[in-house]
Structures are given as structure tokens and as C-alpha cells.
1. Can you find a residue in the range A:273-287 that is surrounded by 19 or more Cβ atoms within 10 Å (Cβ to Cβ), within 7 Å of another protein chain (Cβ to nearest Cβ), in contact (Cβ under 8 Å) with a residue 24 or more places away in the chain and over 24 Å from residue A:471 (Cβ atoms)?
2. Can you tell which of B:56, B:120 is within 11 Å of another protein chain (Cβ to nearest Cβ) and either touching a residue at least 60 places away in the same chain (Cβ under 8 Å) or under 29 Å from residue A:362 (Cα atoms) (or both)?
3. Go through the residues of the range A:87-101 one by one and say whether even a single one is over 21 Å from residue A:184 (Cα atoms), assigned by TED's automatic domain parsing to the domain that holds residue A:575, outside any helix (DSSP H, G or I) and out of contact with any helix residue (DSSP H, G or I) (no Cβ under 6 Å at 6 or more places or on another chain).
4. Could you say whether any residue in the range B:91-106 is at the interface with chain A (Cβ under 10 Å from one of its Cβ atoms) and over 21 Å from residue B:220 (Cα atoms)?
5. In the range B:38-53, which residues are more than 10 Å from chain A (Cβ to nearest Cβ) and modelled with pLDDT under 95?
6. Given the structure, is residue A:383 more than 8 Å from every other protein chain (Cβ to nearest Cβ), over 30 Å from residue B:125 (Cβ atoms) and either surrounded by 20 or more Cβ atoms within 10 Å (Cβ to Cβ) or at pLDDT below 90 (or both)?
7. Is it the case that residue B:180 is out of contact with any strand residue (DSSP E or B) (no Cβ under 7 Å at 6 or more places or on another chain), closer than 22 Å to residue A:458 by Cβ and in contact (Cβ under 8 Å) with a residue 24 or more places away in the chain?
């Protein structure tokens with residue numbers, strides 16, 4: 001078995017690491033595109049080919065799946081460097097080597113996922129050119145300056161990533177470490193632009209800005225700076241961190257479940273905690289960014305806004321509420337399990353607060369998941385007097401949703417604070433006063449959020465949107481910014497009564513981490529469909545109409561099948577990438593060296609691990 | 001039985017509350033089964049989460065169920081266990097049959113109440129100035145053409161309302177016209193139920209197509225009167 005693994009690794013290295021993958025997947029892409037070439041010939045007889053199709057699966061479905069997989073992989077690849085670099089900086093400034101090791105392990109996952117992302121990007125491009133030549137001609141005409149910029153960015157990002165990864169061990173000390181940190185910064189800098197440049201192409205399709213005169217650069221710039229570009233940039237940036245965090249958490253969860261010794265259990269338990277923390281950290285900000293995006297869409301075009309939030313796509317937002325609800329529950333559950341298992345003796349102290357937090361979360365979730373128009377039989381609708389329940393119907397509109405989402409963020413934040421404080425005893429003289437201030441801030445903020453939410457029903461919509469909703473967000477941010485430093489200050493002088501015990505979490509903690517990752521992936525597939533479908537029968541909204549046989553919005557049931565397929569496929573791809581990435585660890589483990597001597601996260605990437613080159 | 005008994009009692013209490021107590025609160029109505037199932041699922045999720053927070057509570061919660069299912073030391077309950085093993089698949093089969101068999105019960109409705117308006121009706125602003133005279137005139141038109149269904153109090157309870165399913169919209173409810181721009185109301189009044197797009201299937205609306213009888217100016221005045229009479233404001237971006 002080990003010999004077999006070795007052979008695979010040698011084969012991979014022999015073709016330049018990912019060359020084998022590239023060749024194989026390009027062959028598959030070519031094979032898939034073959035029928036379209038045949039169909040293209042038919043179109044060529046009547047004029048320029050506008051569309052090509054592929055039998056059985058259909059060109060739109062194929063593009064949908066490949067685009068979604070590319071987007072998910074890209075989200076992971078662009079999100080992970082942010083916190084990998086932050087972990088490295090923490091290790092560099094604080095001197096805690098375990099953070100450096102963790103950053104390296106995150107980067108190990110990143111390196112192997114990077115080439116797969118690029119590969120799916122290439123496949124997507126080939127398929128778009130093959131199936132939608134008219135649209136691609138149009139987009140190329142507008143965006144070709146940014147296409148060139150994108151290619152340049154990609155080269156820079158690739159070079160930086162290789163330097164960052166392969167130079168990890170050699171750039172550990174002194175000025176070399178500073179250089180390595182700078183490389184990490186550059187990696188994120190280029191990654192940001194790699195994300196926002198194609199975002200311009202996608203958002204242009206939804207909210208186009210077309211100018212007929214000017215130079216190519218001026219036209220491209222005008223098209224880039226469209227109304228939904230920055231809302232999407234911010235939303236995706238945060239979402240990428242959330243996706244990356246939860247996937248790293250799931251990876252740690254699986255490694256934790258399969259770990260065979262105490263050292264591994266401790267390490268992957270800690271890694272799971274960090275992954276969950278990063279996911280939650282991003283999750284707290286994500287609803288704000290999502291709200292801003294939807295507001296901009298509504299303001300840009302009422303028709304598109306209503307299609308999304310009030311029209312046939314509005315059901316997706318109820319499913320979204322369910323998925324986000326599970327995510328909040330899963331993340332909090334993981335924190336609570338951490339308190340119970342990692343800090344012995346804490347359970348009795350915190351069980352009651354946990355119960356109250358759980359009940360509050362469930363109440364908020366019940367409000368968030370209650371639709372405005374209910375699914376009801378004719379008989380039930382007659383009893384209700386319509387599709388709206390006379391009492392619970394008020395829970396179905398944005399004022400209620402915004403209120404409970406803010407409360408859920410507050411509760412989750414307090415879960416984290418509780419975890420942070422567990423096992424420690426305050427010794428500062430001002431501890432009682434400090435805790436009273438924090439408690440008052442929290443209670444007053446919660447009341448203010450609820451009051452604004454209720455008041456929102458009695459003021460014009462614009463007052464609610466522009467002032468009340470933003471005030472709710474600012475209140476929550478104020479709470480986070482007040483309680484975090486106060487708690488940190490309080491804990492600085494606190495006495496540790498119970499040491500944190502890593503590696504003692506039950507298996508269900510690992511499963512919770514995996515569940516969170518699946519929920520995030522499902523969420524991204526769901527909202528990806530929502531964003532694309534909001535254009536309805538337009539390639540470029542209001543500018544270029546979709547005249548293909550697929551110029552219709554798929555039924556929600558059919559769409560959910562594709563979403564589920566994308567989620568499953570992405571999980572399988574990620575599992576495969578991680579399996580390949582950790583193959584070297586297992587091989588090394590079996591080659592005679594004692595397990596305890598091996599550092600965690602020994603990479604086995606394209607071209608071999610850095611350690612092997614010593 | 002303590003750790004298992006409490007959740008069972010809680011689930012039953014929740015069901016009783018949703019099914020029998022909540023509908024009898026003044027101003028309320030029976031909840032559709034979809035909502036009851038949703039709330040019960042949340043309750044069940046909460047129970048599982050809380051009971052599995054520690055090893056002891058998990059064992060106390062799952063232990064009796066596990067012992068019952070495996071038949072380990074359950075003594076006289078063996079007969080009940082076998083009964084459950086026989087009845088449970090039958091119950092699942094019955095449910096499956098019930099949900100797939102041909103039935104004369106009409107399917108659940110999930111119609112889109114607010115479909116997106118056509119492009120030509122988006123972003124229009126009311127050309128009629130919001131003056132007391134225009135509002136009064138709009139209310140007059142409303143009383144003549146709209147109030148038989150939508151009610152003199154703008155609450156959807158006009159004398160003809162009882163004849164319609166779904167009932168006419170209640171404008172006094174802050175979740176109806178207050179969420180919409182004036183241009184949306186203009187489209188709905190002008191084109192009526194027959195002008196609903198495909199998205200609005202199954203086009204269940206008895207709203208007349210008023211463009212055949214009312215000039216645009218009257219429709220805009222009616223909109224002014226509606227918002228004023230219902231004490232609501234239209235959605236705007238300024």
C-alpha cells in the first residue's frame with residue numbers, strides 16, 4: 001500500500017506536481033465540449049453562431065455546475081491566505097510557534113487547492129467560449145483590458161504563492177522571516193484583486209453600466225465600477241473567509257476523528273477551534289454585507305429587487321434562513337461543547353446560560369424562518385383569511401428579520417465571550433464594575449435592537465432601511481467593540497482556575513464542524529443561483545437578452561438538485577485534494593520514523609515538501 | 001425517564017400550544033401545518049442540542065432510547081419493543097401512501113403574492129402632487145371604485161370582500177403597501193389580476209383591470225388616497 005502511495009507521489013512529481021491533474025481534467029473538458037462542436041456546425045449555416053448546446057445535460061446546466069465549483073474553490077483559495085497570513089503574523093509577533101505551524105498547515109491545503117481552482121477556471125472559460133460565443137464576444141469587447149490585467153495578476157499570485165509556500169522553512173529567522181511575512185501580504189494583496197476583477201464581469205451582467213464612447217480602458221472602467229460591484233466585493237471577501245474557516249474546521253474535524261494519538265488529537269482539536277472561530281468571526285459580519293448588497297440591488301432596479309425578495313426567488317431566502325440558522329446553531333454548539341469538555345468543571349456553571357442562549361437563538365430562528373406568505377392548503381388559507389397569518393404574518397418582513405439576525409449575532413458573540421472567560425477567575429479590583437458595565441451594555445443594546453425592530457413597522461420604509469436597520473447594525477458593532485477590549489483587559493490579570501484540555505472533545509464536535517462546512521457550501525450554491533437568476537431572461541440585464549432555449553428560470557425543485565449536486569461534488573473534490581495533500585504525512589509516518597518525531601502538517605505538495613529538500 | 005420525559009412533555013406542550021392555544025388568541029387564526037412542523041422541528045433540534053452538551057446528559061437522554069432499541073435490560077418492555085418495530089414501518093408506509101396516493105384535496109398554494117413588475121412600471125414617480133385636494137379626490141375615487149372590496153377603513157374588509165379567495169389586500173397592515181413603491185401599485189391597479197405575469201401563477205386575483213375605466217391621473221390620485229387613508233408611506237429611496 002505504501003509502495004503504491006509512493007508510486008503515485010513519484011508520478012505526480014514526475015509530471016510537475018499538478019500536471020497530471022491538468023492533463024486529465026482538460027481531456028475531460030475537451031471530451032465534454034466535443035458534441036458542442038458538432039452542434040456548432042448546424043448554427044454556422046444561418047450566420048454567426050450565438051449558442052451551442054450539449055446533449056442530455058444541457059449547456060446551461062454544465063456552465064452552472066462548473067462555474068459554481070470554480071467559485072467555491074476560488075472562495076476557499078482566496079479566503080484561506082487571509083487567516084493563514086494572520087496566524088503567521090500572530091506567531092511572528094507573539095512568538096507562539098504553534099500558530100506558525102497552523103499557518104503552514106492552512107497554506108498546505110491552499111497550495112493543493114490553488115491549481116484545481118485555476119483548472120476549473122480554465123474549463124469554465126473554454127465552455128463559455130464554446131457555448132455562449134455571442135455573450136463572450138460582447139464581454140470581451142468591453143472588458144478586454146481587465147482580461148489582460150487578470151492574466152498578469154494570476155502570474156503574480158502564482159509566483160507569490162510558490163515563493164510563500166516553498167520558502168516557508170528557509171525563511172524562518174530574522175529578516176528572512178520579515179520577507180516571508182511580506183510575501184504573505186503580497187499574496188493577499190494580489191488575491192484581493194484576483195477576486196474583484198472577475199467580480200466586475202459578473203456584476204456587470206446584473207447591473208450594467210455601458211458607455212458607447214471613450215477609449216477601451218474608459219469603457220472597461222465604467223463597466224467595472226457598476227452599482228453592485230463593491231457590495232459584491234465586500235460580501236464575497238467576508239464570505240470567502242467564512243468558507244475558508246469552516247472548511248479548515250471540517251478538515252480538522254475529520255483529522256480529529258481519525259487521529260490515533262494524543263498529540264494529533266490535541267493539534268486537530270485546536271485547529272478545529274481556530275477554524276470555527278474564523279468562520280464565526282466572518283459570520284458575524286456577513287449579514288451586514290448581505291443586507292447592503294440587497295439594498296443596492298433594490299435601489300438599482302426595483303424589478304430585480306422584487307424578483308429576489310418578494311417574487312419567485314423569495315422562497316430561497318427562507319431556505320437561506322434555515323441554513324444560516326443551522327450554521328449559527330452548529331457554531332454555538334461547538335463553543336458550548338468546548339466549554340463543557342475542554343474546561344473540566346465548567347459545565348455546571350454554564351449550563352443555565354447555555355440553555356438561555358439556546359432558547360433565545362431558537363426563538364430568533366423561528367422568527368427568521370417564518371415566511372410572510374405561508375405554505376398552506378386551500379382549507380388552511382381560508383381559515384387564516386389568506387396566505388398571511390393575521391398574527392404571525394408580521395414576522396415575515398424585513399424589520400423582524402433584521403432584528404433577529406442582529407440578536408443572533410449578539411448571542412453568538414456572547415457565546416464566544418463565555419468560552420473565553422470560562423476557567424478563569426477575575427482578580428482585578430474593577431472586575432465587578434467592569435462586568436456590570438458589560439452586562440448593561442449588552443442588555444441595553446438588545447432592548448434597543450428590539451425597540452428599533454418594532455418601531456420599524458410604524459415608519460416609512462426609507463426611514464427603516466436608512467436609519468433603523470443601520471442603527472441596529474451599529475449597536476451590535478458597538479457591543480462587540482466595547483465588550484471585546486473590556487474582557488481582554490479583565491482577563492489579562494485573571495487567574496486561570498482550570499487549564500484548557502485540548503483533545504478531549506467528543507466525536508460529535510467533529511461532526512458539527514463538518515456540518516457547518518456543508519451548510520456554508522449549500523448557502524453559497526443557493527445564493528449563487530439567486531444572484532444569477534435575478535437577471536431572469538437577460539445575459540446582461542436590460543442590454544443583452546438571452547435568446548437561447550434556456551432563457552427561463554428553472555423551477556426551484558430542479559435548481560435545488562443542481563445545488564445539491566454542486567455541494568456534493570465540491571465536498572468530494574475538497575476531500576480528494578486534502579487526501580492528496582496529506583498523503584505524504586502517511587507515507588512518512590510509515591517509513592520508520594517515530595510518530596512523535598514528526599511535526600504536524602508535513603506538506604506533500606506538488607514538487608515535494610519543503611522538508612524533503614533539506 | 002427524567003431526561004427523556006421532559007423533552008417528550010415539552011414537544012407535546014409545544015404542539016398543544018401551536019395547534020390549540022395560539023389560534024384562539026384574539027386576532028389570531030389556525031396555523032398551517034407547514035408552520036407547525038417547522039416550529040416543532042426547531043423545538044426538537046433545541047432538545048437534541050441541549051441534551052448532548054455533556055456526556056452525562058447525553059447518556060441520560062439517549063441511554064433509555066438506546067437500551068429500548070437494543071433490548072438490553074428492558075425486562076417486560078420487550079413486547080412493546082417488538083410492537084414498535086412492527087408498527088413503525090407500517091406508520092412510515094401509511095404516511096408514504098397518504099402523501100403519494102391520488103386525492104381530491106387541492107394542492108398547497110405557494111403563489112408569489114408580489115411578482116416583479118414589468119420594466120416599464122419600475123421607477124415611475126407619482127406625477128400628481130401630494131396636496132390635500134388631490135388626496136381628498138383620491139379618497140373619493142377610492143370610495144367609489146375600491147372600497148367595496150378593500151373596505152372603507154382600508155383594511156380589506158369591504159362588503160364584497162367575503163366573496164373572494166384570496167381576500168382583498170389589507171392596506172392598513174404595515175406589511176403590504178408600505179413595503180412597495182407607488183409605481184408598483186400603479187401597475188397592479190392599472191393591469192389588475194389578468195395582467196399578472198407568469199411568475200404570479202396561478203393568477204388568483206379578482207382585481208379588475210382598471211385601465212379600461214380609469215385614466216392614469218385618477219389611478220395616481222387613488223394611490224395618494226390609499227396611503228394617506230391607511231396611514232402608511234410608500235417605499236422610496238430618498
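1. No, because not a single residue in the range A:273-287 is surrounded by 19 or more Cβ atoms within 10 Å (Cβ to Cβ), within 7 Å of another protein chain (Cβ to nearest Cβ), in contact (Cβ under 8 Å) with a residue 24 or more places away in the chain and over 24 Å from residue A:471 (Cβ atoms).
2. On the way: B:120 fails: either touching a residue at least 60 places away in the same chain (Cβ under 8 Å) or under 29 Å from residue A:362 (Cα atoms) (or both).
None of the other options fit; the residue is B:56.
3. Within the range A:87-101, the first condition is being over 21 Å from residue A:184 (Cα atoms), and the residues that meet it are none.
Checked against the condition, which is being over 21 Å from residue A:184 (Cα atoms), assigned by TED's automatic domain parsing to the domain that holds residue A:575, outside any helix (DSSP H, G or I) and out of contact with any helix residue (DSSP H, G or I) (no Cβ under 6 Å at 6 or more places or on another chain), the range A:87-101 yields no hits at all.
4. First, the residues of the range B:91-106 that are at the interface with chain A (Cβ under 10 Å from one of its Cβ atoms): B:105-106.
Subsequent filtering for residues that are over 21 Å from residue B:220 (Cα atoms) retains B:105-106.
Yes, some residue in the range B:91-106 is at the interface with chain A (Cβ under 10 Å from one of its Cβ atoms) and over 21 Å from residue B:220 (Cα atoms).
5. Taking the range B:38-53 as the starting set, the residues that turn out to be more than 10 Å from chain A (Cβ to nearest Cβ) are B:40, B:44, B:51.
Within the range B:38-53, B:51 is the sole residue that qualifies.
6. On the way: more than 8 Å from every other protein chain (Cβ to nearest Cβ): no; over 30 Å from residue B:125 (Cβ atoms): yes; either surrounded by 20 or more Cβ atoms within 10 Å (Cβ to Cβ) or at pLDDT below 90 (or both): yes.
In short, no.
7. Details: out of contact with any strand residue (DSSP E or B) (no Cβ under 7 Å at 6 or more places or on another chain): yes; closer than 22 Å to residue A:458 by Cβ: yes; in contact (Cβ under 8 Å) with a residue 24 or more places away in the chain: yes.
Considered against the rule, which asks whether it is out of contact with any strand residue (DSSP E or B) (no Cβ under 7 Å at 6 or more places or on another chain), closer than 22 Å to residue A:458 by Cβ and in contact (Cβ under 8 Å) with a residue 24 or more places away in the chain, residue B:180 comes out as yes.
Yes or no, residue by residue, for (1) more than 14 Å from chain B (Cβ to nearest Cβ); (2) over 26 Å from the mean Cα position of the chain (by Cα); (3) in contact (Cβ under 8 Å) with a residue 60 or more places away in the chain:
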residue	(1), (2), (3)
A:496	yes, yes, yes
A:512	no, no, yes
A:562	yes, no, yes
A:579	yes, no, no
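The values are calculated or read from the model by the stated rules, or taken from the named source; none is laboratory data. Treat the numbers as computed from the prediction; the structure is a model and nothing was measured. Glycine gets a Cβ as well: all are built from the backbone with ideal geometry, and neighbour counts include every protein chain shown.
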